[in-house]
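> Shown below is the structure under consideration.
Read-outs throughout are calculated quantities, based only on the coordinates presented, and are distinct from any laboratory measurement. Everything numeric in this text was worked out from a predicted model, so none of it was measured. Here the Cβ is made from the backbone with ideal geometry for all residues, glycine too, and neighbour counts use every protein chain on show.
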């Protein structure tokens, strides 16, 4: 197989990547949420290095896609916004990891 | 993202909540009180029991007060499928059980000389290994280097405490051992906790919400 043919084959899985997940900031958020049961806003901001405004905007998109569940609770009268990956979000994230690994593996070295 | 390895992301997340000196402070207090109880008398045992029983609650309360406002909150209930359980804790526990079983059986058989050897030499080593399991297991799981050092100090204490002057008696030896490592752990924890508080001030109140 020539390098050109390999490149054509490699494009197909890349084109099929979920664009909601593919964005670097959202990918970081999903990666952090995938390793915890739930986390609050400050924790995700600390771990990803995103500003609150930036994180807030990305969380809205992830929530709209059904990938993240956002709940509010009060701990000792202090409001806390808890973020959690939904089963759909976990599936999308795992699927993205499989596809990107596959796509990068197919690229000519 | 510098590296896309979920186990590393999980470790980093865990370290951000637990690598702050608080667990060492609580563990140090427990060891110190138990050591004092054994070395000086049973008066401190009720205090030790209270600290041990309420350890998770006290740690949680301290985390709510000092850690979450600085680092945020995360629950670690979900196990990462990429993460493989380390074999070290299982091997260490099996080895200790075998060691204790061998000594106990021979002691029961009435070999007084061996009992003396066990109570003054073997027991401190056993206690040192026992308390080192926690720091070593957590260090190997989450890559926290300072807990390796703490585990090594606990292990070494079992060998070093045998050189204490005076008539050896196992309660005094083990009491001194636990008291000493408890004190070291407590000072160690306070130093790291003070550094943590200085390094991570409480973040200014901001809108904790998601744009809709």
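> Return the average number of partner chain Cβ atoms within 10 angstrom of each residue Cβ along peptide A:38-49.
That works out to 6 on average.
> Inside 10 Å of the C-beta atoms of A:89-101, what's the mean count of C-beta atoms belonging to other chains?
Mean shielding by partner chains, rounded to a whole number: 1.
> Right, next: What is the order of B:127, B:190, fewest Cβ neighbours within 10 Å to most?
Lowest count first: B:190, B:127.
> Here is a further query. So if I take the centroid of the Cα atoms in the stretch B:132-147 and the same for the stretch B:177-194, what is the distance between those two points in Å?
With the stretch B:132-147 and the stretch B:177-194 each reduced to a Cα centre, they are spaced 16 Å.
> Moving on to the next point. If I fit a long axis through the Cα atoms of helix A:3-15 and take the longest principal axis of the Cα atoms of chain A, what angle between them do I get, 0 to 90°, rounded to 10?
Value to nearest ten degrees: 30.
> Same structure, new question: Take every DSSP beta bridge with both residues inside the stretch A:59-109 and express the antiparallel ones as a percent of the total, to the nearest 5.
The answer is about 100 percent antiparallel.
> For the Cα atoms of chain A, what angle does the longest principal axis make with the long axis of helix A:52-64, in degrees from 0 to 90, nearest 10?
Roughly 70 degrees, rounded to the nearest 10.
> To continue, here is another question. How big is chain A in terms of Cα radius of gyration and Dmax, in angstroms?
For chain A, the Cα radius of gyration and maximum Cα-Cα distance read 16.9, 65 Å.
> Compute the convex hull volume of the Cα atoms of the stretch A:17-76, divide it by the residue count, and report the result per residue in Å³ as a whole number.
Looking at the stretch A:17-76, the number lands at 90 Å³ per residue.
> Still on this model: Could you rank the peptides B:28-37, B:49-58 by their average count of other C-beta atoms within 10 Å per residue, with the highest value first?
Result, highest mean Cβ count within 10 Å first: B:28-37, B:49-58.
> In peptide B:7-17, how many Cβ atoms from other protein chains are near each Cβ within 10 Å, on average?
So the per-residue partner count for this stretch is 3.
> Report, as a whole number in µm² per second, the diffusion coefficient that Stokes-Einstein gives for the stretch A:48-99 at 37 °C and 0.692 mPa s using the Kirkwood radius over alpha carbon pairs.
267 µm²/s
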